[in-house]
Amino acid sequence: MKFGGTSVGSPQRMKHVAELVTKQNEPVLLVLSAMSGTTNSLISIGDYLQNGNNEGAHEEINKLETKYYGHIDELYESDTAKGEITSFFGDVFTYLRSFTKDVFTSLEEKQIVSQGEIMSTNMFYQYMKETGCDCALLNALDFMRTDKNAEPDMKFIKEKLNEIIEKTGKKKLYITQGFICRNSYGDVDNLQRGGSDYSASIIGAAVGAKEIQIWTDIDGMHNNDPRVVENTKPVHQLHFEEAAELAYFGAKILHPTCVQPAKYANIPVRLLNTMDPEAEGTTISNKQEKGTIKAVAAKDNITAIKIKSSRMLLASGFLRKVFEIFESFKTPIDMICTSEVGVSVTIDNTAHLGEIATELKKYGNVTIDMNMCIICVVGDLEWSNIGFETIATDAMKDIPVRMVSYGGSNYNISFLIKEEDKSRALNSLSKTLFK
């Protein structure tokens, strides 16, 4: 079970999480994020230190310290628990202040940021001990490690975590931190992509969990963007590939890579709502519902680049040269369409757009369209499902479409449009696809 920052954002929320955890009939391995707002405060402290502003760092530390000490009486009843957590907070904030005495480095910034998850898990552990729960606190830095490619070292994680659990003995509840890890050099680091959701998926796969539950503040993945379209509904079942497509193309509830370990281990992932625990939510698994369009997502801040070159007509190596330019600037491509005279691609990272355009002009005329949006229709869209592409394109008949991508995956059809047309497109698709 993984709970995000909002779910543990106050003492009352932590007590609610405790109720949800204790209702489980089987042992639980609990992954917690930092309390909401804490990571931002810790990053701010790091920024002040990076810029040599120790006074600003001290002020931010003092504010955070006041906030956390204010939670003690609200969360705990016994003097023993209050004393334990007071002493723990004292150590943490003394540790944070120690960074103002020396030259600050980027490695130390990761150490500072890691304190958010360490504080939330210790707070929750002390609370559960006070309630009489048979629980153990596991330090993620003892088993969560990435390799030299910054990818999870699954072999190490599995061996080390199971070894720690065996030494700890059978407990009703194991508590650990999400997001934080050590890198291949042993330095404190974080998982970056997917954060605590990624941690939960990795840990679930490592221990062979029955299922992985990701608790957030929305009742699953919806069939459209609820911020733009009214009366959206949660999708109750998704294939791992469908969930990844939706996450990649704009569904904020999940990071596209975070369920990969669960997918490979064939462990279902459930997205559930802390505020409405009885809601069915969304179950993600390797099960495929045939012949069904599931949901629509939108990805903003897209830039389209067209390279047209008649002199390169059907020339061998043209596409290779184009792709090598994007690769050299570490800029991933989202969509691609080709014709006999050129190629159009989309990117969402414009950090090197100027340099990319300069290089591309060596091979043809370059046209750039900014402020674009990718609309993605996801479901069982295998080519044998006759008519699905017609239904999707019919819904877009009144929207100017710059590019269409279909066939690269069995799970999505993507349309590139102007951002100003996004709301009309999403609402039109909902009316047509989800009557």
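The values are calculated or read from the model by the stated rules, or taken from the named source; none is laboratory data. Because the structure is a prediction, the values reported are computed rather than measured. In this analysis, Cβ positions are derived from the backbone assuming ideal geometry, glycine residues included, and neighbour counts consider all displayed protein chains. With ligands, DNA and RNA removed, areas are computed over all heavy atoms of the protein, side chains included. Shrake-Rupley method; radii C 1.70, N 1.55, O 1.52, S 1.80 Å.
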Filter the range 182-201 for residues that are touching a helix residue (DSSP H, G or I) at 6+ places or on another chain (Cβ under 7 Å) and in a loop (DSSP other than H, G, I, E, B); which is surrounded by the fewest Cβ atoms within 10 Å (Cβ to Cβ)?
-> D187
For the subset of the range 364-423 comprising residues that are open to solvent by less than 20 Å² (accessible area, probe 1.4 Å), more than 28 Å from the chain's Cα centre (by Cα) and among the aliphatic types (A, V, I, L, M), which member is farthest from D300 (Cα to Cα)?
-> A395
Filter result (open to solvent by 10 Å² or more (accessible area, probe 1.4 Å) and in contact with a strand residue (DSSP E or B) (Cβ under 6 Å, 6 or more places away or on another chain)) within the range 343-356 = S344, D348, T350
Whichever residue in the range 291-306 is of a type in the set (D, E, K, R) and open to solvent by less than 30 Å² (accessible area, probe 1.4 Å) and, among such residues, is nearest to the chain's Cα centre (by Cα) = K299
If the Cβ limit is 7 Å and pairs must be 6+ apart or interchain, which residue in the range 131-142 that is within 17 Å of K23 (Cα to Cα) pairs with which residue that is open to solvent by 50 Å² or more (accessible area, probe 1.4 Å)?
-> C133/T22; C133/K172; D134/K171; D134/K172; C135/K129; C135/K171; C135/K172
Failed condition for E289, given (1) in a loop (DSSP other than H, G, I, E, B); (2) of a type in the set (D, E); (3) farther than 30 Å from S10 by Cα; (4) at pLDDT 90 or above, with all others met?
-> (4)
Search result, residues across the range 316-342 that are at pLDDT below 95, over 25 Å from L246 (Cα atoms) and of a type in the set (V, I, T) = V322, V341
Qualifying position, being surrounded by fewer than 20 Cβ atoms within 10 Å (Cβ to Cβ) and among the β-branched types (V, I, T), among V113, V92 = V92
Starting from the range 58-74, take each residue that is open to solvent by 70 Å² or more (accessible area, probe 1.4 Å) and list its partners that are outside any helix (DSSP H, G or I), counting only C-beta distances under 9 angstrom and pairs at least six apart or across chains.
-> K67/M35; K67/G37; E74/S10
Filter the range 116-145 for residues that are open to solvent by 10 Å² or more (accessible area, probe 1.4 Å), touching a strand residue (DSSP E or B) at 6+ places or on another chain (Cβ under 7 Å) and β-branched (V, I, T) and give the result.
-> I118
Can you tell which of T390, T367 is farther than 17 Å from V343 by Cβ and among the hydroxyl-bearing types (S, T, Y)?
-> T390
Of K233, K287, K321, the only residue that is closer than 30 Å to G364 by Cβ and not β-branched (V, I, T) is K321
Options G52, G37: the member that is on the phi > 0 side of the Ramachandran plot and over 30 Å from the mean Cα position of the chain (by Cα) | G52
Answer with yes or no whether I399 is of a type in the set (A, V, I, L, M, F, W, C) and modelled with pLDDT of 95 or more.
-> yes
Hey, any hits in the range 158-165 for a residue that's under 23 Å from F3 (Cβ atoms), in contact (Cβ under 8 Å) with a residue 24 or more places away in the chain and part of a strand (DSSP E or B)?
-> no
Test K155 against the criterion of being part of a helix (DSSP H, G or I) and open to solvent by less than 70 Å² (accessible area, probe 1.4 Å), and give yes or no.
-> no
So S428 fits all but one of (1) at pLDDT 90 or above; (2) open to solvent by 50 Å² or more (accessible area, probe 1.4 Å); (3) part of a helix (DSSP H, G or I); what number is the exception?
-> (2)
Starting from residues that are among the basic types (K, R) and assigned to a helix (DSSP H, G or I), keep the ones in the range 81-134 and report whichever is nearest to G70 (Cα to Cα).
-> K82
Specify which of the listed residues (G208, G204) is touching a residue at least 12 places away in the same chain (Cβ under 8 Å), of a type outside the set (A, V, I, L, M) and open to solvent by less than 10 Å² (accessible area, probe 1.4 Å).
-> G204
With (1) aliphatic (A, V, I, L, M); (2) outside any helix (DSSP H, G or I); (3) in contact with a helix residue (DSSP H, G or I) (Cβ under 7 Å, 6 or more places away or on another chain); (4) open to solvent by less than 10 Å² (accessible area, probe 1.4 Å) as the list, and V228 as the residue in question, which single condition is left unmet?
-> (4)
Hey, K101 open to solvent by 10 Å² or more (accessible area, probe 1.4 Å), farther than 24 Å from F3 by Cβ and charged (D, E, K, R) or not | yes
V259: passes all of (1) at pLDDT 90 or above; (2) open to solvent by less than 20 Å² (accessible area, probe 1.4 Å) but (1)
Residues (of a type in the set (G, A, S) and either within 23 Å of I165 (Cβ to Cβ) or crowded, with 18+ Cβ neighbours inside 10 Å (or both)) located in the range 4-40 | G4, G5, S7, G9, A18, S33, A34, S36
